[in-house]
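The structure appears right after this line, and notes come after that.
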Amino acid sequence: MKPVAKGERMVINLDDIVFEPYINSRGEEDGLACQHDRSKPLGTGFHIYKMEPGYTTIPHQHRGNEEFLILSGEVTDNDGTVYREGDLVLMKDGTQHCSYTEKGCVIVVYLEAPEAEV
């Protein structure tokens with residue numbers, strides 16, 4: 001087996017993440033994101049998403065499945081479901097929701113495709 005070549009591996013520690021505004025389908029800032037693989041549109045594929053305390057996402061529909069893991073904090077969906085640190089969630093293609101966080105949260109997200117506004 002050959003060694004991993006320079007430039008084929010990129011590592012960022014969670015303590016060193018630099019977040020940038022996540023721009024939604026309206027062209028507005030919708031939370032903060034860190035996307036390591038820049039070959040995909042921001043907010044798709046695997047990324048880290050941060051919601052500041054008191055933040056609510058815009059209502060949206062998933063085009064493809066979304067999977068997320070709550071790293072810190074908690075988030076509440078519009079139907080009252082609360083996701084806490086350590087929860088791994090699958091939202092199926094076509095799911096519509098929005099989320100709110102009282103104290104803030106950091107989430108690892110995998111999205112197959114950009115979300116659609118509802």
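Contact list please: Cβ distance under 8 Å, first residue in the stretch 44-57 and over 18 Å from residue 13 (Cα atoms), second residue of a type in the set (D, E, K, R) and surrounded by fewer than 18 Cβ atoms within 10 Å (Cβ to Cβ), pairs at least six apart or on different chains.
Close Cβ pairs satisfying both conditions: 44/112; 45/37; 53/102; 53/103; 54/102.
Give 25, 99 a once-over and let me know the one that is crowded, with 17+ Cβ neighbours inside 10 Å and touching a residue at least 12 places away in the same chain (Cβ under 8 Å). Step through it out loud before you land on a result.
Details: 25 fails: crowded, with 17+ Cβ neighbours inside 10 Å.
When all the criteria are applied, what remains is 99.
Could you check, for the stretch 44-59, whether at least one of its residues is of a type in the set (D, E, K, R), open to solvent by 30 Å² or more (accessible area, probe 1.4 Å) and in contact with a strand residue (DSSP E or B) (Cβ under 6 Å, 6 or more places away or on another chain)? Full working, then the answer.
We begin by selecting, within the stretch 44-59, every residue of a type in the set (D, E, K, R); these are 50, 52.
Next cut, open to solvent by 30 Å² or more (accessible area, probe 1.4 Å) only: 50, 52.
This time we only want the ones that are in contact with a strand residue (DSSP E or B) (Cβ under 6 Å, 6 or more places away or on another chain), so: 50.
Yes - at least one qualifying residue is present in the stretch 44-59.
Residue by residue, here is whether (1) closer than 25 Å to residue 16 by Cβ; (2) among the hydrophobic types (A, V, I, L, M, F, W, C); (3) touching a Lys or Arg at 6+ places or on another chain (Cβ under 9 Å) holds:
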position: 50; (1), (2), (3): yes, no, no
position: 60; (1), (2), (3): no, no, no
position: 71; (1), (2), (3): yes, yes, no
position: 77; (1), (2), (3): no, no, no
position: 80; (1), (2), (3): no, no, no
position: 101; (1), (2), (3): yes, no, no
position: 106; (1), (2), (3): yes, yes, yes
position: 111; (1), (2), (3): yes, yes, yes
position: 118; (1), (2), (3): no, yes, no
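Could you tell me how many of the residues in the stretch 102-118 are within 14 Å of the chain's Cα centre (by Cα), open to solvent by 20 Å² or more (accessible area, probe 1.4 Å) and not acidic (Asp, Glu)?
The total comes to 5.
The values are calculated or read from the model by the stated rules, or taken from the named source; none is laboratory data. Note that the structure is a prediction, hence the values are computed from the model and not measured. Don't worry about glycine lacking a Cβ; one is built from the backbone with ideal geometry, like all the others, and counts go over all protein chains shown. Just the protein is used for accessible areas: all its heavy atoms, side chains included, with ligands, DNA and RNA removed. Shrake-Rupley method; radii C 1.70, N 1.55, O 1.52, S 1.80 Å.
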